[in-house]
1. Among what's in segment 174-211 and is over 22 Å from V45 (Cα atoms) and either out of contact with any strand residue (DSSP E or B) (no Cβ under 7 Å at 6 or more places or on another chain) or of a type in the set (F, W, Y) (or both), pick the residue that is surrounded by the most Cβ atoms within 10 Å (Cβ to Cβ).
2. Do the conditions hold for Q235, that is, is it in contact with a Phe, Trp or Tyr (Cβ under 8 Å, 6 or more places away or on another chain), within 30 Å of L79 (Cα to Cα) and modelled with pLDDT of 95 or more?
3. How many residues are assigned to a strand (DSSP E or B) and touching a helix residue (DSSP H, G or I) at 6+ places or on another chain (Cβ under 8 Å) when one looks only at segment 162-188?
4. Filter segment 95-128 down to the residues that are modelled with pLDDT under 95 and hydroxyl-bearing (S, T, Y) and list them by number.
5. From the list V166, V202, V152, V186, which one is among the hydrophobic types (A, V, I, L, M, F, W, C) and without any contact (Cβ under 8 Å) to a residue 12 or more places away in the chain?
6. Looking for something in contact with a Gly (Cβ under 7 Å, 6 or more places away or on another chain), part of a strand (DSSP E or B) and modelled with pLDDT of 95 or more - is there at least one such residue anywhere in segment 221-229?
7. Can you spot a residue in segment 156-175 that is over 23 Å from V95 (Cα atoms) and either in contact with a Phe, Trp or Tyr (Cβ under 6 Å, 6 or more places away or on another chain) or at pLDDT 95 or above (or both)?
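The values are calculated or read from the model by the stated rules, or taken from the named source; none is laboratory data. Keep in mind the model is a prediction, meaning the values are calculated, not measured. All Cβ positions, even for glycine, are placed from backbone atoms using ideal geometry, and neighbour counts span all protein chains on display.
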Amino acid sequence: MKYPLKALVLTVFCLLSLNQAAQAELVTFNLQAGSNLALSGNSNVGAPVNGSFPYAPQGLNSLIAAYLGTITVDVNNSLAPTSIVFQSAVLDASVNGQWLPGNVSTGSGGGTASDADYGMAVAALGANARLRDIVFNLSAPSISISGGSFSVATQTLAYTSGQFDVYSAGLGDGANISLSNPLTSVISGLNSSASQGTYSVVGNIATITIPVTVSINYNIPGTPTVDGTNTYTGQFIGVASVPEPSSLGLLSIFGCGALARSRKRTLPR
């Protein structure tokens, strides 16, 4: 039985269209309002203090920061993905106020409050601390998407920038450490949020939501020894423009349907 030329052409067309649809697509999301992380944590102080002290806020909303930036992902279909790879991100904390210490030098008394992303206090030590210039990367290997939802358990958040300033009147000393320096910070942590991320598309706008819970340890050299954990909890919300179904895609749907009908007619009865 001869296979009609028209059906052969449509077969090739369908295969090319399906191959094009299966190719990976890079999508860059821009963070939106509602992207914020709250800070909690503690400082563990060695001898002669020997205690663990939770963070308290220095002032109103000093322990929460909004984030701006981008998240770049690789999806197998930007309109209806079934897999996603988190390639990179620039997640930049916004300044949320002016916090102490402004000067961490011994005997400075903490100086004058200045711009920072987070401001913490430990009253028992007469201590103030602040985080500034905080920027995270976010990455993850291929993750399955089902019904628009995906697990965040393999996502890694890592400091690419960040400074931790602290001054304690009780100890009469202060310090500054880089959170992106492996000598003073673990630098990265896994996202341990129990919630699922989401990916949705309406028209030509894709929206991604990433719940976040990540803890990263730090170490401040000196005497007494000081170490602790910064835990960030919140979410990132991003939007991106994606191509609406193209004329080629629509033609492939009609073409493949025509192929199926054509083959049905040519089958022997």
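1. Ranking the candidates gives Y199 first.
2. Considered against the rule, which asks whether it is in contact with a Phe, Trp or Tyr (Cβ under 8 Å, 6 or more places away or on another chain), within 30 Å of L79 (Cα to Cα) and modelled with pLDDT of 95 or more, Q235 comes out as no.
3. Number of matching residues: 1.
4. Residues satisfying the conditions are S105, T106, S108, T112, S114.
5. V202
6. The answer is yes, given that some residue of segment 221-229 is in contact with a Gly (Cβ under 7 Å, 6 or more places away or on another chain), part of a strand (DSSP E or B) and modelled with pLDDT of 95 or more.
7. Yes, because at least one residue in segment 156-175 is over 23 Å from V95 (Cα atoms) and either in contact with a Phe, Trp or Tyr (Cβ under 6 Å, 6 or more places away or on another chain) or at pLDDT 95 or above (or both).
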